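The values are calculated or read from the model by the stated rules, or taken from the named source; none is laboratory data. All values reported here derive from a predicted model rather than from experimental measurement. Every residue, glycine as well, gets a Cβ built from its backbone with ideal geometry; the counts of neighbours run over all protein chains shown. Remember, those area values only see protein heavy atoms, side chains included, never the ligands or the DNA or RNA. Shrake-Rupley method; radii C 1.70, N 1.55, O 1.52, S 1.80 Å.
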Amino acid sequence: MARSPATPRHRLELALVALIAASVVGLYLVEGNRLLSRLEGYRLDETLAALQTATATTALGNRADVGPGDNPVALLDRPPAGYRGEQPGLEPAEVPPGSWYYDPSRGVLIHRPKDPELLRPVDEPPAEAVPHLQLRLVAPEGRRLQLRPVGPWRRPDRGQES
(Lines give C-alpha, C1' and ligand atoms only; values in the text may rest on other atoms or scores of the structure.)
Protein backbone atom coordinates (compact mmCIF):
# COMPACT_ATOMS: atom_id res chain seq x y z
CA MET A 1 0.00 0.00 0.00
CA ALA A 2 1.42 3.36 -0.98
CA ARG A 3 1.97 5.98 1.68
CA SER A 4 0.03 9.15 1.31
CA PRO A 5 2.12 12.32 1.21
CA ALA A 6 2.32 14.29 4.44
CA THR A 7 -0.59 16.60 4.76
CA PRO A 8 -0.24 20.11 6.11
CA ARG A 9 -1.86 18.89 9.31
CA HIS A 10 0.79 16.17 9.75
CA ARG A 11 3.56 18.70 9.12
CA LEU A 12 2.05 21.02 11.71
CA GLU A 13 1.85 18.18 14.25
CA LEU A 14 5.49 17.23 13.60
CA ALA A 15 6.59 20.85 13.93
CA LEU A 16 4.68 21.18 17.21
CA VAL A 17 6.24 17.98 18.63
CA ALA A 18 9.71 19.17 17.54
CA LEU A 19 9.13 22.57 19.18
CA ILE A 20 8.03 21.00 22.45
CA ALA A 21 10.98 18.60 22.44
CA ALA A 22 13.44 21.44 21.74
CA SER A 23 11.91 23.51 24.55
CA VAL A 24 12.23 20.64 27.03
CA VAL A 25 15.86 20.01 26.03
CA GLY A 26 16.67 23.74 26.23
CA LEU A 27 15.08 24.05 29.67
CA TYR A 28 16.97 20.98 30.84
CA LEU A 29 20.29 22.44 29.67
CA VAL A 30 19.67 25.83 31.30
CA GLU A 31 18.52 24.32 34.60
CA GLY A 32 21.30 21.73 34.47
CA ASN A 33 23.95 24.45 34.17
CA ARG A 34 22.35 26.40 37.01
CA LEU A 35 22.32 23.28 39.17
CA LEU A 36 25.99 22.55 38.39
CA SER A 37 26.91 26.11 39.32
CA ARG A 38 25.06 25.81 42.64
CA LEU A 39 26.76 22.50 43.34
CA GLU A 40 30.18 24.02 42.67
CA GLY A 41 29.32 26.96 44.94
CA TYR A 42 28.28 24.55 47.68
CA ARG A 43 31.52 22.59 47.33
CA LEU A 44 33.56 25.80 47.40
CA ASP A 45 31.77 26.98 50.55
CA GLU A 46 32.33 23.60 52.21
CA THR A 47 36.04 23.63 51.34
CA LEU A 48 36.42 27.19 52.64
CA ALA A 49 34.62 26.24 55.86
CA ALA A 50 36.89 23.19 56.29
CA LEU A 51 39.97 25.35 55.75
CA GLN A 52 38.72 27.95 58.26
CA THR A 53 37.94 25.26 60.83
CA ALA A 54 41.30 23.56 60.35
CA THR A 55 43.08 26.90 60.69
CA ALA A 56 41.21 27.77 63.89
CA THR A 57 41.86 24.32 65.35
CA THR A 58 45.55 24.60 64.49
CA ALA A 59 45.77 28.07 66.02
CA LEU A 60 44.13 26.86 69.24
CA GLY A 61 46.45 23.86 69.38
CA ASN A 62 49.53 26.07 68.92
CA ARG A 63 51.02 23.78 66.27
CA ALA A 64 54.49 24.98 65.38
CA ASP A 65 54.76 23.00 62.12
CA VAL A 66 52.35 25.30 60.22
CA GLY A 67 52.71 29.05 60.14
CA PRO A 68 52.08 32.18 58.12
CA GLY A 69 52.60 31.67 54.39
CA ASP A 70 52.45 27.86 54.65
CA ASN A 71 50.10 25.68 52.62
CA PRO A 72 46.64 25.61 54.28
CA VAL A 73 45.85 22.29 52.54
CA ALA A 74 48.39 20.68 54.90
CA LEU A 75 45.85 21.28 57.67
CA LEU A 76 43.15 19.18 55.99
CA ASP A 77 42.70 15.40 56.25
CA ARG A 78 42.41 15.27 52.44
CA PRO A 79 42.95 17.94 49.80
CA PRO A 80 39.99 19.51 47.98
CA ALA A 81 38.81 18.00 44.69
CA GLY A 82 40.93 19.33 41.84
CA TYR A 83 44.00 19.99 44.04
CA ARG A 84 47.17 20.03 41.88
CA GLY A 85 49.77 20.31 44.65
CA GLU A 86 52.53 22.89 44.86
CA GLN A 87 52.98 24.86 41.65
CA PRO A 88 55.55 27.66 42.08
CA GLY A 89 54.97 30.67 39.84
CA LEU A 90 51.94 29.18 38.06
CA GLU A 91 49.29 31.67 36.95
CA PRO A 92 45.55 30.88 37.38
CA ALA A 93 44.97 31.17 33.62
CA GLU A 94 47.39 28.25 33.13
CA VAL A 95 45.28 25.71 35.07
CA PRO A 96 41.95 24.21 34.08
CA PRO A 97 38.83 25.63 35.75
CA GLY A 98 38.01 23.77 38.97
CA SER A 99 41.67 23.55 40.04
CA TRP A 100 43.23 24.31 43.41
CA TYR A 101 47.00 24.70 43.86
CA TYR A 102 49.51 26.18 46.29
CA ASP A 103 52.11 28.66 45.06
CA PRO A 104 54.99 28.51 47.57
CA SER A 105 56.76 31.47 45.93
CA ARG A 106 53.81 33.73 46.89
CA GLY A 107 52.63 31.73 49.91
CA VAL A 108 49.04 31.52 48.62
CA LEU A 109 46.51 28.78 47.97
CA ILE A 110 44.75 29.52 44.67
CA HIS A 111 41.42 28.27 43.35
CA ARG A 112 40.11 28.87 39.83
CA PRO A 113 36.38 28.01 39.86
CA LYS A 114 34.63 26.48 36.89
CA ASP A 115 31.97 29.17 37.21
CA PRO A 116 33.64 32.61 37.53
CA GLU A 117 30.29 34.04 38.72
CA LEU A 118 30.95 32.40 42.11
CA LEU A 119 33.46 35.18 42.87
CA ARG A 120 33.01 38.94 43.11
CA PRO A 121 35.74 41.55 42.64
CA VAL A 122 36.45 43.74 45.66
CA ASP A 123 39.33 45.55 43.99
CA GLU A 124 39.69 46.39 40.33
CA PRO A 125 41.26 43.26 38.80
CA PRO A 126 43.53 43.52 35.77
CA ALA A 127 41.49 43.34 32.56
CA GLU A 128 43.17 40.13 31.38
CA ALA A 129 42.99 38.38 34.75
CA VAL A 130 41.04 35.15 35.20
CA PRO A 131 38.72 35.19 38.26
CA HIS A 132 40.37 33.18 41.01
CA LEU A 133 40.45 33.03 44.78
CA GLN A 134 43.72 33.47 46.70
CA LEU A 135 44.03 32.45 50.35
CA ARG A 136 46.98 33.03 52.68
CA LEU A 137 47.73 31.91 56.22
CA VAL A 138 48.61 34.96 58.31
CA ALA A 139 49.26 35.80 61.96
CA PRO A 140 48.54 39.54 62.21
CA GLU A 141 50.37 41.41 64.95
CA GLY A 142 51.34 38.26 66.82
CA ARG A 143 47.76 36.98 67.02
CA ARG A 144 46.69 33.43 66.24
CA LEU A 145 46.95 31.94 62.77
CA GLN A 146 44.15 32.97 60.40
CA LEU A 147 43.18 32.21 56.80
CA ARG A 148 42.62 35.39 54.81
CA PRO A 149 41.59 36.03 51.22
CA VAL A 150 44.04 38.17 49.25
CA GLY A 151 43.82 39.47 45.71
CA PRO A 152 40.96 41.18 43.92
CA TRP A 153 38.28 38.43 44.20
CA ARG A 154 36.22 37.13 47.11
CA ARG A 155 33.53 34.53 47.59
CA PRO A 156 30.44 36.46 48.72
CA ASP A 157 28.57 35.33 51.81
CA ARG A 158 25.68 33.00 51.05
CA GLY A 159 23.19 35.69 52.06
CA GLN A 160 24.65 38.13 49.50
CA GLU A 161 24.51 35.79 46.50
CA SER A 162 21.97 36.22 43.78
query: Given the protein chains as shown and a 1.4 Å probe, how many square angstrom of Arg106 are accessible, to the nearest 10?
result: 90 Å²
- request: Could you check how much of the accessible area of region 38-162 is carbon and sulfur, as a whole percent, using a 1.4 Å probe?
  value: 49 percent
task: Would you mind working out the magnitude of the charge dipole of region 65-142 relative to its Cα centre, with +1 at each Lys and Arg C-beta and -1 at each Asp and Glu C-beta, to the nearest 20 Debye?
output: 220 debye
- request: Go through His132, His10 and list them by solvent-accessible area, largest first, probe radius 1.4 Å.
  value: His10, His132
task: Would you work out the charge dipole size for region 1-151 about its Cα centre, treating the Cβ of every Lys and Arg as +1 and the Cβ of every Asp and Glu as -1, and quote it to the nearest 20 debye?
output: 580 debye
- request: Kindly report the accessible area of the chain per residue (heavy atoms of protein chains, probe 1.4 Å, no ligands, DNA or RNA), in Å².
  value: 67 Å²
- line: Between the Cα axis of helix 8-61 and the main Cα principal axis of the chain, the angle (0 to 90°, nearest 10) is 10 degrees
- prompt: Which of the listed residues, Pro92, Pro152, Ser23, is farthest toward the dipole's positive end in the chain, when Lys, Arg count +1 and Asp, Glu count -1 at the beta-carbon?
  reply: Ser23
